[in-house]
Amino acid sequence: MIFLKINMNRKSISVEDVPQEYAGLGGRCLSSVLINNEVPATSDPLGSENKLIFAPGYLSGTPLINTSRLSIGAKSPLTGGIKESNVGGTVAADLAHLGITALIIEGAAPAGEYYILKIDINGDAELVDADQHKGLRTYALVEKLKQTYGSKHSITCIGPAGEFQLAAASIQTTDADGRPCRAAGRGGLGAVMGSKGLKAVVVAQGGKRADTLKDAATFKETARAYAQAVKADEFSGEVLPELGTAVLVEPINAAGAFPTRNARSGQFENATKISGETMAAMIKERGGKTTHKGCAGCIINCSNEFVDKAGAYVTSSLEYETIWAMGGMMGNDDLDVIARLDFLCDDIGLDTMSTGVAMAVAMDAGYRQFGDGQAAIAMVEEIAERTDFGKILGNGPAAVGKHLNHERVPVIKGQSMAAYDPRTIQGMAVTYATSPMGGDHTAGWVVDQNLKEFGGTLDRFSAEGQVEASRNTQIHMAAVDSVGICDFAQTGLASPEGIQNVYKMITAKSGKPFGEDDWSQLGLKVLKAEREFNRRAGFTNRDDRLPKMFYEEPLPPLNKVVVISDEEMDSTFDF
Amino acid sequence: MEHWQMRIQVILFGTLRKGFPDHDPTRGFEVVLAGGSSVGDLLDYLEISRSKLGLVTKGGVLVKADAKLTDGDCLRVFQPIAGG
């Protein structure tokens, strides 16, 4: 249980035992509390006062399945507020196996200097000059680093967009096959990593220094029961392995909630061409993989390997949010174009959501035509080429809207919405508006509760109950992101004994009692730290609002607007 | 039960298609039901249990199990969804 502190001003590395005030924290809770305590809220996100935290979840590296989740935190250059961006792959398990509770990157190297942080199998770390790797895209970088250090390493890195310190820059990390296709996309944290002068973190796999479990027998027995529940669930046990998250395209579109052509419609007439069902059939016919393991310890295998007509690798994994941002949102119905754009974003180191929505805004403003896939590919390449427009596009949708003097920009706290239109799922309006993260779907996904017609509890067009649902889900998700359980493995929580099993495993690891109240307190601790930071950074209630397009423009074909009042938004959190 | 019959087009999504070899990916298949049948009757006829059911839409609108069907309706049937 150690913090590895890397000072990029002095190029020094120190190891310290986790201080008492952070004991027992992991993932998002640890990163957000650390940032709130140690980063001046009004500091420049790309300056030396900001800190970049890499924290595995509290249960990462344990025998529990689907827990290789890494929280990356910092003050965000995109939102100006606190940010936690959550990513899978293998690195969280590897850091946890080395007994590393967090990497804390402080200071900043002189402009133009880049380093690699190398952590070996004993947990010993060093900074290595990375001048020769400057400017490399992520796939080429990972190949070179694997040649130097061997393939049994997780590599977490930035591409050109991170080096250029663009606000849509991602941090990419390697999947179970060693490809840099897993993205901590949101919040522009790739720019923070670039500002520090850190090109990559290379972590040895197979460490033997994981935290000791106080009651290993109970932990293992409970972890087995949890895994069985995840396997037995139809969504995580059958649907996700077969179709991946792309299975959401058809139902969300059918429900009139699939934001299309910069959210001018809630239905895309060609959704079937980019659906999960169509994609799976195409991948199978071409010889790619529909059931693919992306992350260490995963038993769901929701990932896929998309191949071209000749059967050659294009990208992994094509996900719902990317298919939406690069597809429906831009009016593009060509899956091959979407796959190419996904690869380019991973390779250049860009968030597919911010980049796709930024292009949708440009198209909406008439800069390019909706549906022009080749124009989209050329625009993304402009980011890597650092053209004048590429620099604007790489800073996300708000920057594009400002440049083109276009008002219809679907961002909240500077970050784009996700693939659920809040006008036809009102609870998502509350989550987008009030999450300390800005526009974000994972912070409080209340889509299922809103499908009252079939088992949900809420009328999706009404404000009633939406604040409470979003609040409770945001608290719950803050806890989930802190213990490091994959969002999709939450199916193991569905039964009463499911969540009890999580409490039991936390107790079995820590040796301290943990129950329902502690779970809520954990989630609240995260949100309180995040909202406190944002307040000190200058955010007020007026930032907990959606752009006016969502209140004023009825969304076809159901012609609904957001009906959650400002007072209701403000009642979500009383801190 | 009324004595006339009606034709309903059904498109299944996700892994619900398994077990229906005649299902066309874009057009689904046609089912003939007794007049006056509901969405629930259709699901019973297809032997799709409620636990496997997420939502049913007709013309872009969610419909409940007790909604009555009319001749020529096209229904889209989805599994429960989770996640993000």
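The values are calculated or read from the model by the stated rules, or taken from the named source; none is laboratory data. Note that the coordinates shown come from a computational prediction; the quantities given were computed from them, not determined experimentally. Virtual Cβ from ideal backbone geometry, glycine too; neighbours counted across all protein chains shown.
The condition (being polar (S, T, N, Q), outside any helix (DSSP H, G or I) and either closer than 15 Å to A:N262 by Cα or within 14 Å of chain B (Cβ to nearest Cβ) (or both)) is satisfied by just one residue among A:T431, A:T442: A:T442. Among the residues making up region A:1-48, a single one is of a type in the set (S, T, N, Q), touching a strand residue (DSSP E or B) at 6+ places or on another chain (Cβ under 7 Å) and assigned to a loop (DSSP other than H, G, I, E, B): A:S43. Of the numbered criteria (1) buried (at least 16 other Cβ atoms within 10 Å of the Cβ); (2) facing chain A (nearest Cβ under 8 Å); (3) hydroxyl-bearing (S, T, Y), the one B:T26 fails is (1). Within region A:467-484, residues that are in contact (Cβ under 8 Å) with a residue 60 or more places away in the chain have Cβ atoms under 7 Å from residues that are among the charged types (D, E, K, R) and crowded, with 24+ Cβ neighbours inside 10 Å in these pairs: A:A478/A:R28; A:D481/A:R28; A:D481/A:E84; A:S482/A:R28; A:G484/A:R69, counting only partners at least 6 apart in sequence or on another chain.
Does A:V307 satisfy being within 12 Å of chain B (Cβ to nearest Cβ) and among the hydrophobic types (A, V, I, L, M, F, W, C)? No. Note on region A:479-488: residues that are closer than 15 Å to A:A443 by Cβ and either more than 10 Å from chain B (Cβ to nearest Cβ) or buried (at least 24 other Cβ atoms within 10 Å of the Cβ) (or both) amount to 4.
Scoring A:I299 on the criteria (1) over 22 Å from the mean Cα position of the chain (by Cα); (2) of a type outside the set (G, A, S); (3) under 30 Å from A:S154 (Cβ atoms) leaves a single failure, condition (1).
So which residues in region A:390-412 are among the hydrophobic types (A, V, I, L, M, F, W, C) and either closer than 21 Å to A:G185 by Cβ or modelled with pLDDT under 95 (or both)? A:I392, A:L393, A:A398, A:A399, A:V400, A:V409, A:V411, A:I412 - these are the residues of region A:390-412 that are among the hydrophobic types (A, V, I, L, M, F, W, C) and either closer than 21 Å to A:G185 by Cβ or modelled with pLDDT under 95 (or both).
Hey, among the residues in region B:13-41 that are in a helix (DSSP H, G or I) and among the hydrophobic types (A, V, I, L, M, F, W, C), which one's nearest to B:A65 (Cα to Cα)? Step by step, filter region B:13-41, then rank; the result is B:V39. In summary, helices (runs of 4 or more DSSP H) completely within region A:187-283 and bearing 2 or more residues that are within 14 Å of another protein chain (Cβ to nearest Cβ) occur at A:216-232, A:240-243, A:249-254. Consider A:A429 carefully, then state whether it is in contact with a Pro (Cβ under 7 Å, 6 or more places away or on another chain), farther than 27 Å from A:E532 by Cα and hydrophobic (A, V, I, L, M, F, W, C). Spelling it out, it is not the case that A:A429 is in contact with a Pro (Cβ under 7 Å, 6 or more places away or on another chain), farther than 27 Å from A:E532 by Cα and hydrophobic (A, V, I, L, M, F, W, C).
Quick grid of which residues meet (1) outside any loop (DSSP other than H, G, I, E, B); (2) among the aliphatic types (A, V, I, L, M):
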{"position": "A:E464", "(1), (2)": "no, no"}
{"position": "A:Y503", "(1), (2)": "yes, no"}
{"position": "A:I506", "(1), (2)": "yes, yes"}
{"position": "A:D518", "(1), (2)": "yes, no"}
{"position": "A:Q521", "(1), (2)": "yes, no"}
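Quick grid of which residues meet (1) at pLDDT below 95; (2) within 23 Å of the chain's Cα centre (by Cα); (3) closer than 19 Å to A:D440 by Cβ:
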| residue | (1), (2), (3) |
| --- | --- |
| A:M477 | no, yes, yes |
| A:Q490 | yes, yes, yes |
| A:Y503 | no, no, no |
| A:D517 | no, no, no |
| A:F533 | no, yes, yes |
| A:A537 | no, yes, yes |
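Tell me which of these B:D44 doesn't satisfy, since it passes every other one: (1) in a helix (DSSP H, G or I); (2) at the interface with another protein chain (Cβ under 10 Å from one of its Cβ atoms). (2) is the only condition that B:D44 fails.
Using the structure shown, decide if A:L64 is crowded, with 16+ Cβ neighbours inside 10 Å and within 16 Å of A:A108 (Cβ to Cβ). No: the conditions fail for A:L64. Within region A:560-571, does at least one residue satisfy the condition of being at pLDDT 95 or above and within 14 Å of another protein chain (Cβ to nearest Cβ)? Among the residues of region A:560-571, at least one is at pLDDT 95 or above and within 14 Å of another protein chain (Cβ to nearest Cβ), which makes the answer yes.
Being among the aromatic types (F, W, Y) and within 20 Å of the chain's Cα centre (by Cα) holds for only one residue in A:Y115, A:Y139, A:Y149, and it is A:Y139. Considering region B:56-78, and only residues there that are more than 21 Å from B:E30 (Cβ to Cβ) and in contact with an Asp or Glu (Cβ under 7 Å, 6 or more places away or on another chain), the residue that is surrounded by the fewest Cβ atoms within 10 Å (Cβ to Cβ) turns out to be B:K64. On the stretch given as region A:164-174, residues that are of a type outside the set (A, V, I, L, M, F, W, C) and surrounded by fewer than 24 Cβ atoms within 10 Å (Cβ to Cβ) total 1. Remark: A:R423 falls outside the filter, which requires a residue to be crowded, with 24+ Cβ neighbours inside 10 Å and facing chain B (nearest Cβ under 9 Å).
Outside any loop (DSSP other than H, G, I, E, B) and closer than 23 Å to A:P56 by Cβ, is that true of A:F533? In short, yes. Of the residues making up region A:248-282, those that are without any contact (Cβ under 8 Å) to a residue 40 or more places away in the chain and crowded, with 24+ Cβ neighbours inside 10 Å number 4.
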